[in-house]
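Asks: Before we start, here is the structure in question, set down as structure tokens.
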Amino acid sequence: MKKQMQAIVTVVLVLALSLSLIGCAGAPLPKGFDADEVGTAAEEIVGLATAGDFDSIVASLRDDLKSSITVDQLKEGWAPAYEKAGAFEKVTKTVLSGTKDQATGEEYAVAQVQVKHANASLVYTLSFDKDMMLVGLYLK
């Protein structure tokens with residue numbers, strides 16, 4: 001149990017970046033981002049997650065973030081949500097917005113993807129940089 005809690009805390013801390021990137025939700029996508037491309041990339045990450053392909057999710061992270069989280073930490077951190085939610089059914093809604101990192105000025109696209117499972121709905125918040133590399137992910 002202690003190891004699981006450490007994994008969850010680690011995932012939350014590492015992925016807090018996504019929360020800091022979200023800032024004011026509802027801002028339009030930054031200039032240079034294509035809504036279709038962002039939506040497709042977000043749904044691909046959700047598909048990887050629901051299939052249990054956490055290796056590919058970690059591989060999708062921007063290089064400077066790959067060492068921040070391991071496949072096992074991500075898998076263990078998200079397992080309780082998946083166990084409670086049950087089997088994946090469908091993506092029900094995707095909302096796109098933009099945000100800016102106050103420290104660096106870098107702009108990001110943010111996709112909030114609502115997913116229906118057998119027992120509950122989950123929301124993935126995924127952030128992408130201008131090269132469409134994953135820079136933030138959060139599951140609620």
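Asks: Go through 50-60, 86-96 and give me the packing order, highest mean Cβ count within 10 Å leading.
Replies: Working: 50-60: 16.0, 86-96: 13.6.
Result, highest mean Cβ count within 10 Å first: 50-60, 86-96.
Asks: If you don't mind, another one. Find how much the distance from V123 to D63 grows on full extension, using 0.36 nm per residue of separation minus their present alpha carbon separation; answer in nm with one decimal.
Replies: Working it through step by step, the gained length comes to 19.1 nm.
Asks: What does the C-alpha gyration tensor say about the overall shape of segment 56-118? Classify as rounded when a/c is under 1.5, otherwise prolate if a/b is larger than b/c, or oblate.
Replies: oblate
Asks: Would you calculate the separation in nanometres between label points at A35 and A81, each defined as 7 Å from the Cα along the Cα-to-beta-carbon direction?
Replies: 2.5 nm
Read-outs: derived from the displayed coordinates by stated rules, not from any lab. None of the values given here were measured: they were computed from a predicted structure. Note that each Cβ is placed from the backbone with ideal geometry, even for glycine, and that neighbours are counted across all protein chains shown.
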